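Worksheet: the structure to be examined is printed underneath.
The values are calculated or read from the model by the stated rules, or taken from the named source; none is laboratory data. Just so it is clear, the model here is predicted, and its values are computed rather than measured. In this analysis, Cβ positions are derived from the backbone assuming ideal geometry, glycine residues included, and neighbour counts consider all displayed protein chains. Accessible surface areas use protein heavy atoms only, side chains included; no ligands, DNA or RNA. Shrake-Rupley method; radii C 1.70, N 1.55, O 1.52, S 1.80 Å.
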Amino acid sequence: MSLVDWLIEPPILDRGATVPTKQDVLEKTRPIVAVIGLAPGAGTTTLARGIAATLARRDPSGAAIVTGRHEPTSPLLSLPSAARLAARMESAQPLGRLCLTSSVPEGSEAPLVLDGAPTPAAHLTILLAPADAEPALAELAARTHNAQLTVVNGSDERWHKRAFLSLPQSRLGARLAQAGWEPPGALGKAIARLADSAEEAA
């Protein structure tokens, strides 16, 4: 048993569940999500990886792609599905459930999340704002980047009814998301709602 097998709970299929066929995989429209930050240090990379990891767990490929600037990582704590995907891409590296790359790939082998780069090809664009930012500024930025959802990192009464949701603070959850895994608890539930929106938009 590898370290990854020990750390990651294997998927449990319901007795009535069916295993996706190759045709199901080919016909599936993979979500393309862009996550942009209102300010440096807003947590864009953490949110992008958390959404991607959640989408990867749901996808038949078992992996997701995240584009942006990435530091070198160790492939030791990555799933085989992410490693296989990274091996088929140029200058890509696996991390957790993710395949990290600096360039936008062609095709739709897996869900795609763009870290900090808006694109007209995105099914869903999310603007992430720090809780102490001015909501009116976020609304202007959302219109400029055609962002469908505004998310706040933290909580502040000024954002009531002006943001889709507020991300709860969780150091453990943030670390897991950074490492390419789905965060647990309240943060995981919030990110799952964003993944739901991405799948609906696709």
### Message
Nearest 5 percent is fine: what portion of the DSSP beta bridges confined to segment 57-202 is antiparallel?
### Response
20 percent
### Task
Could you rank the peptides 194-201, 31-38 by their average count of other C-beta atoms within 10 Å per residue, with the highest value first?
31-38, 194-201
### Message
Could you give the length gained by full extension between Ser108 and Arg162, i.e. 0.36 nm per residue of separation minus their alpha carbon distance, to one decimal place?
### Response
16.1 nm
### Message
Can you compute the FRET efficiency between Arg88 and Thr144 using 1/(1 + (r/R0)^6), with r the Cβ-Cβ distance and R0 = 30 Å? Round to the nearest 0.05.
### Response
0.30
### Query
In terms of solvent-accessible area of protein heavy atoms at a 1.4 angstrom probe, what is the ranking of His160, His70, highest value first?
His160, His70
### Query
Which of the peptides 44-51, 116-123 is most tightly packed, and how do the rest follow, going by the mean number of other Cβ atoms within 10 Å of each residue?
44-51, 116-123
### Task
Could you work out how far apart the two model spin labels at Glu200 and Ala39 are, taking each label as a point 7 Å from the Cα in the direction of the beta carbon, and quote it in nm?
3.0 nm
### Peptide ranges 92-102, 172-182 listed from the most packed, as the mean C-beta count within 10 angstrom indicates
92-102, 172-182
